[in-house]
Each structure stands twice: as structure tokens, then as C-alpha cells.
1. A108 versus (1) surrounded by 12 or more Cβ atoms within 10 Å (Cβ to Cβ); (2) within 24 Å of S26 (Cα to Cα): which is the lone unmet condition?
2. Which ones in the range 1-52 are of a type in the set (F, W, Y) and either in a helix (DSSP H, G or I) or in contact (Cβ under 8 Å) with a residue 60 or more places away in the chain (or both)?
3. In contact with an Asp or Glu (Cβ under 6 Å, 6 or more places away or on another chain) and in contact (Cβ under 8 Å) with a residue 60 or more places away in the chain, is that true of I116?
4. Within the range 128-157, take every residue that is under 15 Å from A16 (Cβ atoms) and of a type in the set (G, A, S) and give me the one that is surrounded by the most Cβ atoms within 10 Å (Cβ to Cβ).
5. Can you pull out the residues in the range 120-144 that are assigned to a helix (DSSP H, G or I), of a type outside the set (K, R) and either over 30 Å from E31 (Cβ atoms) or in contact (Cβ under 8 Å) with a residue 24 or more places away in the chain (or both)?
6. Confirm whether L103 is at pLDDT 90 or above and either loosely packed, with under 12 Cβ neighbours inside 10 Å or within 15 Å of Y44 (Cβ to Cβ) (or both).
7. For the range 53-69, name all the residues that are over 18 Å from T90 (Cβ atoms), outside any loop (DSSP other than H, G, I, E, B) and touching a residue at least 12 places away in the same chain (Cβ under 8 Å).
8. Filter the range 84-100 down to the residues that are part of a loop (DSSP other than H, G, I, E, B), modelled with pLDDT under 90 and of a type outside the set (V, I, T) and list them by number.
Amino acid sequence: MTRLTNEIRDSIIGKAINEKFEPVLSKLKKEEHELALLCYKSIYDKKVLAAANKLPKEWTRQDGCLRFNAGGYYLTFCLIDKKVPVPYSTGCATLGSLKDEALEKARAFAEKKKDIEDQKIKARYALQAVLYSVTTINKLKTVWAEGEKFYTMYDEQSPKSKGGLPAVQIQELNEMLGLKPSKKAA
């Protein structure tokens, strides 16, 4: 019988959350990258961007964190593996106010991202409620059998188990510390 420690619970929660949300968040990062570039290009006209891109990179601040005013809300978008020239020397300064299409897309994206984060938080709380209500893997199997793939590695009875806690090797420990066996143990 494997007891559930808080570390095991948190590991199970992390695995379940990652399996559900990692593909969605990965797609969302790519979408954010494209939107950040669209917003960036909507703030500066083509001549300014062309001039900035002709300058050596060390002459301008290159930033992958782009912040915009979206009708009173400040939205920050991150580029995945690219940096663009910005006119400010501090990181993540507000580049300007979005308008029209860029504003609508930025607001819709921010709402979508918030909804996904809310779902992730809700899932985490639901998993915590289940996992913290039981103390052993056997009990967890009866309560949440569908989640077995997330906790089977901790189940000592499973062939996929990585094993439970290592057995305490008293004799080896005593030898290592130079202790003689007690008369009770003999």
C-alpha cells in the first residue's frame, strides 16, 4: 500500500494538468507571437520599421516582450524566439495604443487566454480536492480510477511502478556509522 505524500499528489496534479493544457498552451503561444507582431506593425508605419531594421542590432533595444494599451487595458505579448527593435531603453515599455483590427484581436486573444488560465486553475483545484481527500494509492484507485495513468508509477503493486520508498538497510547503516548492533535487534 503506497501512501500519498504531498509531493506525490503535486506530481500527479502536474502530470494531469500538463497533459490536458500543454497542447493548448503551446498553440496559444504561437498565436500570441503572431498577434504581437501584428500589434507591433500596427503601431509603427512601414518606413519606421524598415529604418529600425536597417540599424545594427546594438544601436537599438531589441525586445521580445511587447506591451500595448488596448483601450485602457495594458496587454503584454511575448515573442517566442524573436526580438524586435523598440524605441525605449527599458524592458517591456508600452509601445502605443492599439486601434481597429489590432485592438479587437488583442482583446479577443486576452479574453481567450484568461479563459484557458481559469480552466487550468479550476482543474487544479478539482484535482487537489480529489487527491487531498485520500491517503493511499489504493483509495485513489477507487475514487478516481480514470486517472490511473497519472499515478500508476507510484503504485507499488503496479508493474509500471518506480518503487516506493527504499527499504532501510539497518545493518549497512550501522556499519557505515561504526555502530554495533543492539541486543534488542539480535
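1. Failing condition for A108: (1).
2. F21, Y40
3. The answer is no for I116.
4. G147
5. Of everything in the range 120-144, those that are assigned to a helix (DSSP H, G or I), of a type outside the set (K, R) and either over 30 Å from E31 (Cβ atoms) or in contact (Cβ under 8 Å) with a residue 24 or more places away in the chain (or both) turn out to be A123, L127, Q128, A129, V130, L131, I137, N138, L140, T142, V143.
6. It is false that L103 is at pLDDT 90 or above and either loosely packed, with under 12 Cβ neighbours inside 10 Å or within 15 Å of Y44 (Cβ to Cβ) (or both).
7. N53
8. Matches in the range 84-100: P87, Y88, S89, G91, C92, A93.
The values are calculated or read from the model by the stated rules, or taken from the named source; none is laboratory data. Note that the coordinates shown come from a computational prediction; the quantities given were computed from them, not determined experimentally. Here the Cβ is made from the backbone with ideal geometry for all residues, glycine too, and neighbour counts use every protein chain on show.
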